[in-house]
Amino acid sequence: MLVRDAMSTVVLTIGPAHTLRQAAALMSARRVGAAVVLDPDDSGLGILTERDILNSVGLGQNPDAERAHAHTTTDVVFAAPTWTLEEAALTMSHGGFRHLIVLDHEEPVGIVSVRDIIRCWAPLRQHAPA
């Protein structure tokens, strides 16, 4: 199975000036665990995850004052839609992260997460165990 078969095509894109509260609200509304951060001045893509927000709040930082750019991972590893799920899982495992932005012709077309991969490898049972 390929990344394109498992990825979410709901790609939430935010700007670097979004507050962490705004980012969290958007992520919650779309039911996603990560947002692509597009900085037009930097011409690069980054990723902000729920863990980044959690770490900031855990440090006592104000989510209404903290901006996405200060918590964005910019040394992002990207996946291609044609990667196998095994390639994606190994990349995540070696890198210690749970999301990969999927690029097709240098455009973000999806995000694949550990949860997406697990969902493909271990489909939900139709009936609860007795």
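Any read-out appearing in this document is the output of simple, stated calculations on the displayed coordinates, not a laboratory observation. Not measured: the values here are computed from a predicted model. No Cβ is skipped: glycine too gets one built from the backbone with ideal geometry, and neighbour counts run over all protein chains shown.
Over the chain, what is the mean sequence separation of C-alpha contacts under 8 Å (at least six apart), divided by residue count, expressed as relative contact order in percent? Contact order relative to length: 30 percent.
Fully extending the segment from Ile118 to Thr9, taken as 0.36 nm per residue of separation minus the present Cα-Cα distance, adds 37.6 nm.
About its Cα centre, how strong a charge dipole does segment 1-58 have in debye, to the nearest 20, once Lys and Arg get +1 and Asp and Glu get -1 at the Cβ?
Numbers: 5 positive and 6 negative charges, 61 e Å.
Dipole of segment 1-58, to the nearest 20 debye: 300 debye.
The sum of -39500 (n - 2.57) across all DSSP H runs of n ≥ 4, divided by the residue count of the chain, sets its helix-only mean residue ellipticity at 222 nm to -9000 deg cm²/dmol. Spatial offset of segment 60-109 relative to segment 1-39 amounts to 10 Å, using the alpha carbon center of each.
Using a Gaussian network model of the chain in which every pair of alpha carbons under 10 angstrom is joined by a spring, one finds that among Leu20, Leu90, Leu45 the greatest mean-square fluctuation is at Leu90. Ratio of Rg to Rh for segment 44-99: 1.07 [Cα atoms; Kirkwood radius as inverse mean 1/r over pairs]. Modelled label positions at Leu59 and Leu90, each set 7 Å beyond Cα in the direction of Cβ, lie 3.4 nm from each other. Which of the following values of Kirkwood radius over Cα pairs in Å was calculated from the structure shown: (1) 15.4; (2) 14.9; (3) 16.6? The listed entry that was calculated here is (1). Rounded to the nearest 20, the size of the Cβ-charge dipole of segment 3-121 about its Cα centre is 540 debye, with Lys and Arg at +1 and Asp and Glu at -1.
Toward the positive end of the charge dipole of segment 3-121, about the Cα centre and with charges on Cβ (Lys, Arg +1; Asp, Glu -1), which of Thr49, Ala29, Ile111 goes farthest? Selected residue: Ala29.
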